[in-house]
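The values are calculated or read from the model by the stated rules, or taken from the named source; none is laboratory data. For clarity, every value in this text was computed on a predicted model and none was experimentally measured. Cβ sites come from the backbone with ideal geometry, for glycine too, and all protein chains shown count toward neighbours.
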Amino acid sequence: MRRRLTLATLTLGMAAAQAAPSGVLTIRFLDVGQGDAVLVTAPTGQTLLYDGGRSESRMRELIRQYGVTRLDLAAASHGDADHITGLIPAIALFKPKLFLNNGVAATTQTYSRLLNVVGQAGTQGLLAREQVIHLGAVKLTVIPPPPGMPRDDQNANSVGLLIQYGTFRALLTGDSETPQTQAWLRQKPGSFWGPVDVYKSIHHGAANGDSAAWLAAVRPKNVVVSVGPNNYGHPTGTALGLYRKVGATVYRTDQQGTVTVTVQPGGRYAITTERGRGPATAPTSRPPDAPAPSPSAPPASYPNCAAVRAAGKAPLLRGQPGYRAGLDRDGDGVACE
């Protein structure tokens, strides 16, 4: 029996349904390339956009493609550009009531533009804390970053969402890394986390995201990896191996396009993909490291990852100007991910 949490509760109003089928919960893991964006439409039409990918034009295309006509709640798992850029046109167009975020400011022009759009739209900022938001009959449990996470690390301050409709459960946790998931496991029992029917892979399948201990609690039946062409090696063989070990079926947006989950009242669900219905194939090989800089070009030097991001150079690959082992916490050749 799952522990009931005493949480603040918010309810967003009802209106006409969108292009998503009425009477069912629709969750679309949108194909935004290397980034995250999840569009959730309640049976009665209320809509959540959790992250928006790294392209404003791509988000506009997807809004048209899926006939989106309203947005009640926008949420940023954290402040990295591959998660928040597409939120800018969505918020400007639909002026949602609420903008859920981690409260950790990012020092980028993209983040500043997002805050400006939120203000112009009259959208209310909502700091992530333990609370429940209702999209009609759909229950969204907000999972805030645990205390003690470094404030200069956006990934470690990712905001999670647990989506429930009938017996169906889906879990989204942004770009959380192992220290954050370990802290979450200390906060809440395994019965809170799993099992889940659909789980969004942490950090696009990075090696420092999902772990055996975390997945043992989450117990995902299906995993969606939101990923596109990249130099990071995402999804890593390490992450894909973990998903295989727990027996999860894996879907990938780079191979199958947008992944859509349709949930009937009571919790019965179906998963379809934009390009075919089968599970994902084997991981693509990791691209070679970037070539070493020309001897004539003096290498850049950055004191920390905050400086790298401020310069617009994140992530840094081994061999690129400014890369050094001290910035590469997991030693995988990719610094300041």
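If you check TRP184 against the conditions, is it modelled with pLDDT of 95 or more, more than 27 Å from GLY23 (Cβ to Cβ), over 13 Å from the mean Cα position of the chain (by Cα) and crowded, with 23+ Cβ neighbours inside 10 Å? No. Residues that are farther than 19 Å from GLY160 by Cα and not charged (D, E, K, R) within segment 44-64 comprise THR44, GLY45, GLN46, SER55, SER57, MET59, LEU62, ILE63, listed in sequence order. Flag: ARG129 does not match the condition of being touching a residue at least 24 places away in the same chain (Cβ under 8 Å), farther than 30 Å from PHE168 by Cα and not hydrophobic (A, V, I, L, M, F, W, C).
Determine, yes or no, whether ARG275 is of a type in the set (Lys, Arg), exposed (fewer than 14 other Cβ atoms within 10 Å of the Cβ), at pLDDT 75 or above and touching a Gly at 6+ places or on another chain (Cβ under 6 Å). Yes.
Only residues that are closer than 17 Å to PRO195 by Cα and out of contact with any strand residue (DSSP E or B) (no Cβ under 6 Å at 6 or more places or on another chain) were counted in segment 247-264, giving 1.
Taking the criterion of being touching a residue at least 60 places away in the same chain (Cβ under 8 Å) and among the small types (Gly, Ala, Ser), the residues of segment 72-105 that qualify are ALA75, ALA76, SER77, GLY79.
Applying the criterion of being assigned to a loop (DSSP other than H, G, I, E, B) and β-branched (Val, Ile, Thr) to the residues of segment 223-281, the residue that is farthest from SER211 (Cα to Cα) is THR258. Scanning segment 40-57 for residues that are surrounded by 21 or more Cβ atoms within 10 Å (Cβ to Cβ) and not small (Gly, Ala, Ser) yields VAL40, THR41, PRO43, GLN46, THR47, LEU48, LEU49, TYR50, ASP51, ARG54. All of LEU71, LEU100, LEU62, LEU39 fail the test of being part of a loop (DSSP other than H, G, I, E, B) and modelled with pLDDT of 95 or more, apart from LEU71. Here are some residues: PRO144, PRO150. Which one is free of Cβ contacts under 8 Å to residues at least 60 places away in the same chain and either within 17 Å of HIS203 (Cβ to Cβ) or touching a helix residue (DSSP H, G or I) at 6+ places or on another chain (Cβ under 7 Å) (or both)? Sole residue among the options that is free of Cβ contacts under 8 Å to residues at least 60 places away in the same chain and either within 17 Å of HIS203 (Cβ to Cβ) or touching a helix residue (DSSP H, G or I) at 6+ places or on another chain (Cβ under 7 Å) (or both): PRO150. Would you confirm whether any residue within segment 182-201 is part of a loop (DSSP other than H, G, I, E, B), in the same structural domain as GLY148 (by TED's automatic domain parsing) and of a type in the set (A, V, I, L, M)? The answer is no; no qualifying residue exists. Given the residues ALA92, ALA106, which is the only one that is of a type outside the set (Asp, Glu) and not in a helix (DSSP H, G or I)? Result: ALA106 is the single residue among ALA92, ALA106 that is of a type outside the set (Asp, Glu) and not in a helix (DSSP H, G or I). When VAL227, VAL198, VAL218, VAL223 are checked against the criterion of being more than 19 Å from ASN157 (Cβ to Cβ) and touching an Asp or Glu at 6+ places or on another chain (Cβ under 7 Å), a single residue qualifies: VAL227.
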